[in-house]
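Here's the structure we're looking at; comments come further down.
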Amino acid sequence: MRVLIAPDKFAGTLTAVQAAEAIAAGWRRQAPGDDLDLAPMADGGPGFVDVLHAALGGELSAVTVSGPHGSPVPAVVLRVGDTAYVESAQAAGLHLTSGPSGSDSGDVGTGDAGTGHVETATSAGVGELVLAAVEGGATTVVVGLGGSGTNDGGAGVLAALGATADCVLDGGPAALAGVTSVDLAPARARLAGVTLVAASDVDNPLTGLFGATKTFGPQKGLAEDRIAEVDGWLESFAAATDRRTSLEKGAGAAGGIGYALLALGATREPGIALVAEAVSLASRARAADLVVTGEGAFDFSSRAGKVPYGVAGIASEALRPCVALAGQVLVGSREMRALGIESAYSLVELVGEERALGAPAEALADLAARVARTWSR
């Protein structure tokens, strides 16, 4: 039996590569004769560059950029031909701030040395990553969006690329209060001749009921009673910059970094589709008998551009069944099938939360072995 294993990361515990290897190890234990094809996936969030490097090869260049609160953080630029790939989470990720974990999903870490509140967190380091890619000779720069700990509308990105305003652009959303004028011309001039692609894992606009602040702000540490004011700052920023673009799908991705890129002329591409094409997932699914995917928390938000939904869609087009392994399964069977998943299996239900977090690779392998008993021939 041929099994395609295409999971996302299990946020906070396993990278996508580690998750795929753990699933394969458990599957082989139960069904050693099966032919396993490992295709770690990403949706634009954490792990985006690693997955693409594993699939495409290319050259990794180490750079140091500004973290969300000013301290230097390490990041990499992946260069494949004339195209460079960068990951917003490396420069502005939730793991670099003091915010709690959540969707737009990142991993919680210790934060950079100047860690502070989301209202003062800047995305400037992402702009520095784009600039490093351009200065390295790339004519196309693909920016993976997701897992951010910032909510500044991408103002920091614009500042790092040379935009100016009648306020401080790289001081977080609080610094945007009262903004009335933003000049994007210097940033656009700096990117002349460069094609920008925003690889987004969400469809949200920048502001409003479904915008970046309302949807993702609380998961980054923003108090409920601060949402309206912070969203108002981004409304003012959009009015001074490019109001129409702020309404586009993906403008609210990564706390508004998507908006900054779109305002500079970027095209938007779903991150899962970009990665699926890079790893030739469709042809690999057609060659398989079963597709296995997974992520840390499988819930109905997985429909919004997340890996399991994207992988299940490709499996469906190939007329192959798809099952999911997850840290937690938070949907019922009806919702599961609406997402294109035949069955979903919970790590926490099998081994308990303590072991799932304490020994995630071993626990995931155990779960995979159990699933293989049901699905392998």
Reported set for segment 129-151 where residues are surrounded by 24 or more Cβ atoms within 10 Å (Cβ to Cβ) and more than 17 Å from the chain's Cα centre (by Cα) is Ala133
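This table checks each residue for (1) in a helix (DSSP H, G or I); (2) in contact with a Phe, Trp or Tyr (Cβ under 8 Å, 6 or more places away or on another chain); (3) not aliphatic (A, V, I, L, M).
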residue	(1), (2), (3)
Arg188	yes, no, yes
Asn204	no, yes, yes
Thr215	yes, no, yes
Asp225	yes, no, yes
Trp233	yes, no, yes
Ser246	yes, yes, yes
Gly258	yes, no, yes
Leu262	yes, no, no
Glu269	no, no, yes
Condition test on Ala344, is it crowded, with 17+ Cβ neighbours inside 10 Å, part of a helix (DSSP H, G or I), in contact (Cβ under 8 Å) with a residue 40 or more places away in the chain and among the small types (Gly, Ala, Ser)? no
Between a residue in segment 356-368 that is outside any helix (DSSP H, G or I) and any residue that is modelled with pLDDT under 95, which pairs come within a Cβ distance under 9 Å, given they are 6 or more apart or on different chains? Ala359/Val351
Within 12 Å of Gly255 (Cα to Cα) and crowded, with 20+ Cβ neighbours inside 10 Å - does that describe any residue in segment 174-193? no
Number of the exception - Leu247 against (1) among the aliphatic types (A, V, I, L, M); (2) over 24 Å from His95 (Cβ atoms); (3) not assigned by TED's automatic domain parsing to the domain that holds Ser148: (3)
More than 15 Å from the chain's Cα centre (by Cα), of a type in the set (Asp, Glu) and under 25 Å from Val86 (Cα atoms): is that true of Asp231 in this structure? no
Inside segment 194-209, the number of residues satisfying the requirement of being surrounded by 24 or more Cβ atoms within 10 Å (Cβ to Cβ) and either among the hydroxyl-bearing types (Ser, Thr, Tyr) or under 12 Å from the mean Cα position of the chain (by Cα) (or both) is 6
Checking the condition crowded, with 24+ Cβ neighbours inside 10 Å and in the same structural domain as Gln90 (by TED's automatic domain parsing), which residue from Gly217, Gly265, Gly232 passes? Gly217
Find all pairs meeting these conditions: Cβ atoms under 6 angstrom apart; at least six residues apart or on different chains; first residue within segment 157-171 and assigned by TED's automatic domain parsing to the domain that holds Leu131; second residue in a loop (DSSP other than H, G, I, E, B) and crowded, with 24+ Cβ neighbours inside 10 Å. Val157/Ser123; Leu158/Leu169; Ala159/Leu169; Asp170/Thr122
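The values are calculated or read from the model by the stated rules, or taken from the named source; none is laboratory data. Here the structure is a predicted model, which is why all the values come from computation and not from measurement. Positions of Cβ are generated from backbone atoms using ideal geometry, with glycine treated the same way; all protein chains shown enter the neighbour counts.
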